[in-house]
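To start, the structure itself, in structure tokens.
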Amino acid sequence: MEEDTVQRIGIIGVGEIGRAIVEGLRNGGGASPDVFLSPRGARTTAELSERFEGVHVCADNQEVLDRSELVIIAVRRQDHREALAGLKMDDDKTVVNLMAGVATDDLRRTLATGAPIVRAIPLPAVRERRSVTVTCPSHPMVDSLFDQLGGALPVAEDAFNAFSALTGTLTAHYAYLATLTEWATGHGIAADAADRYVRGLFQNVGRSLGDETRPLHQLAADHETPKGSNERIRTTWFDPANAAALKRALDDLLADLK
């Protein structure tokens with residue numbers, strides 16, 4: 001294997017993102033690293049170890065550290081001190097911190113280690129190897145890992161925090177779509193029909209985002225007819241006050257993440 005290719009990966013905190021990383025590593029075909037999972041979330045870890053060769057469930061988090069050269073930490077922010085308390089980590093490991101709002105210095109104190117610590121923001125699309133993962137700072141082994149899963153985007157710390165705040169808008173998008181379906185059902189449309197139509201409508205939007213030759217404002221303009229329905233909703237609902245409120249919410253989140 002190439003020098004920067006990791007061969008033993010540990011994951012502490014096997015939630016949605018941890019599962020997606022395992023699936024992405026195993027769904028690409030060819031050689032892939034051994035993966036060592038923390039025991040918490042027994043149903044998920046057992047299912048992954050049964051599905052994929054080379055995926056192992058460890059007895060505890062210390063065993064995850066001991067058997068891995070790169071350790072991904074993906075526990076909930078509020079749980080990280082309890083989950084990591086008392087662990088002993090050698091300085092020759094590499095740590096990938098997926099916990100939004102947990103600074104590198106804070107995590108280093110908790111782990112009492114001099115090991116390199118890299119922050120990263122993988123998205124669920126890593127399971128299809130389609131997620132561009134922001135990393136900070138750039139690290140050859142970590143960037144090589146996420147290049148396999150859709151691409152790595154190394155950035156400076158200030159930019160990383162801004163990207164982390166942007167990630168916080170994801171479920172608001174789903175809630176927006178759910179509101180559209182609720183409005184439609186309120187006007188007599190069957191729930192399954194409304195759901196199917198809204199999903200199809202925005203799947204098409206997702207495909208148009210693949211055209212990187214046009215900036216987002218241009219994509220919006222190209223999908224509008226002057227004085228048409230799309231322009232009407234954009235200018236009456238998503239007006240300057242609405243846009244300003246969204247930016248304030250992002251500013252508040254960014255301040256909390258720093």
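Values as computed for the structure displayed
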quantity	calculated
The listed residue being closer than 21 Å to residue 15 by Cα, touching a Phe, Trp or Tyr at 6+ places or on another chain (Cβ under 9 Å) and open to solvent by 70 Å² or more (accessible area, probe 1.4 Å), out of 132, 126	132
Residue in the stretch 223-231 that is within 29 Å of the chain's Cα centre (by Cα), more than 25 Å from residue 17 (Cα to Cα) and assigned to a helix (DSSP H, G or I) present	no
Restricting the stretch 204-247 to residues that are within 14 Å of residue 180 (Cβ to Cβ) and modelled with pLDDT of 90 or more, the residue that is most open to solvent (accessible area, probe 1.4 Å)	237
In the stretch 232-258, residue farthest from residue 99 (Cα to Cα) [restricted to those that are in contact with a helix residue (DSSP H, G or I) (Cβ under 6 Å, 6 or more places away or on another chain) and in a helix (DSSP H, G or I)]	250
Which listed residue, of 19, 40, is part of a loop (DSSP other than H, G, I, E, B), open to solvent by 40 Å² or more (accessible area, probe 1.4 Å) and not small (Gly, Ala, Ser)	40
Qualifying residue in the stretch 178-185 (condition: open to solvent by 50 Å² or more (accessible area, probe 1.4 Å) and among the small types (Gly, Ala, Ser))	no
Answer from 42, 112 - the residue that is modelled with pLDDT under 95 and farther than 25 Å from residue 24 by Cβ	112
The stretch 121-138, residues that are at pLDDT below 95 and polar (S, T, N, Q)	131
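The values are calculated or read from the model by the stated rules, or taken from the named source; none is laboratory data. Computed from a predicted structure; not experimentally measured. A quick note on method: Cβ atoms are made from the backbone with ideal geometry, for glycine too, and the neighbour counts reach across all protein chains shown. For accessibility, only protein heavy atoms count, side chains too; no ligands or nucleic acids. Shrake-Rupley method; radii C 1.70, N 1.55, O 1.52, S 1.80 Å.
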